[in-house]
1. Just to verify a number: FRET efficiency for residue 77 and residue 55, C-beta to C-beta distance, R0 = 25 Å, to 0.05?
2. With N set to the residue count of region 32-171, report its C-alpha Rg divided by 2.2 N^0.38 Å to two decimal places.
3. Rounded to a whole number, what is D in µm²/s for region 51-134 from Stokes-Einstein with the Kirkwood radius over alpha-carbon pairs (20 °C, 1.002 mPa s)?
């Protein structure tokens, strides 16, 4: 929620308060609230509520696309995770213009920003299964290293191949 900053000169010094305390101005007889400060505080609250509703609706749209993709995977007995089909469905909807980018941009940005948080349950689950993973850990490590190197090589090759030559030579 947006906060209001109120300043008051007390003894030649300026004190600043934020949030609900910023609405109150200290007077000798007590506290006083200015109508301008209340309006600004409420305006910030309305903007925060709009942003929350917007992100909620966008997450709902992404969830609906995931639900449809899970249904498609179940009905067609596909051996592909529903989330992968959902990403492909979202890509198709964005490419054709059925779904506009601005309809999902805020939620996608928020979810991507906090992506590491979603891996905590997976990491805890792996710690619980440490005894099962220990005998094959070297193979898992090899797979991680090889796939990481392959990803970097392919990404670098694509940048070299399709990179912009107008701002300096990439090759």
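1. Working: r = 35 Å, r/R0 = 1.38.
E between residue 77 and residue 55, to the nearest 0.05, is 0.10.
2. 1.57
3. This corresponds to a translational diffusion coefficient of 145 µm²/s.
Only the coordinates and a few stated rules stand behind these numbers; no lab work does. Not measured: the values here are computed from a predicted model. Don't worry about glycine lacking a Cβ; one is built from the backbone with ideal geometry, like all the others, and counts go over all protein chains shown.
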